[in-house]
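The values are calculated or read from the model by the stated rules, or taken from the named source; none is laboratory data. Being a predicted model, the structure only gives us computed values, none of them experimental. Cβ placement follows ideal geometry from the backbone for every residue including glycine, while neighbour counts extend to all protein chains displayed. Surface areas here come from the heavy atoms of the whole protein model, side chains and all, with no ligands, DNA or RNA. Shrake-Rupley method; radii C 1.70, N 1.55, O 1.52, S 1.80 Å.
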Amino acid sequence: MNAHEQDSFREFVETRSSALLKTAVLLSGGDRHAGEDLLQNALVKAAGRWQRIDEPEAYVRRILYRQQVSRWRLKWPRRELAVAEPPERAASGDGTSAAELRIVMRGALAKLTARQRTVLVLRYFEDLPEAEVAAALGCSVGTVRSTTHRSLARLRGLAPELARLGGHDTAERPASHDFSPMEVRP
């Protein structure tokens, strides 16, 4: 890599790493350290091919998605943090509902399988159409649709308080309406 390419890569990392880190953390189930590792590995791979990359951000995002897919294909057990007591909840009406929604959303996303979480992050956080998600994950559009449907249903079951925190009353919502988990972005 020559000096101009190094400067170009440094500038890209400085300007886009925070947005890419958000995606990596979401793909990692809210685990910031795992997200940092995921992003660092993606940037290392991109640096090796920097002179041949036309669209750097799209290239790095694709590496992130594919690395996450590779992670959940491994048969390693998930590492979860067990705590003796749940954290205290803030009193409602004190301006913390958006923060509480983000915390609940990250916790619920962490409980989904890696595949379910990846599909939801790509569909709702990255706002990709089903065809692009299918291409990024190497599966069919039908698989993306069914995984999205099952993932949202599981998300609703794992965290029914999302509807309350997001300002949605499940009793008033028609059954055909899908709750968008990213209405308030984490």
*Considering only residues that are more than 21 Å from Gly30 (Cα to Cα) and not acidic (Asp, Glu), look in the stretch 119-135 and name the one that is surrounded by the most Cβ atoms within 10 Å (Cβ to Cβ).*
Ala134
*asked:* I need every pair where a residue in the stretch 27-52 that is within 11 Å of Gln67 (Cβ to Cβ) has its Cβ under 8 Å from the Cβ of a residue that is crowded, with 17+ Cβ neighbours inside 10 Å and basic (Lys, Arg), sequence separation at least 6 or different chains.
replied: Leu27/Arg117
_Among (1) more than 12 Å from the chain's Cα centre (by Cα); (2) modelled with pLDDT of 90 or more; (3) surrounded by fewer than 16 Cβ atoms within 10 Å (Cβ to Cβ), there is one condition Asn2 misses while meeting the rest; what is its number?_
(2)
_Take the residues in the stretch 108-124 that are in contact with a Ser or Thr (Cβ under 8 Å, 6 or more places away or on another chain) and of a type in the set (Lys, Arg); name whichever of them is nearest to Thr143 (Cα to Cα)._
Arg115
*Counting only residues that are open to solvent by 30 Å² or more (accessible area, probe 1.4 Å) and in a loop (DSSP other than H, G, I, E, B), which one in the stretch 31-55 is farthest from Leu122 (Cα to Cα)?*
Arg49
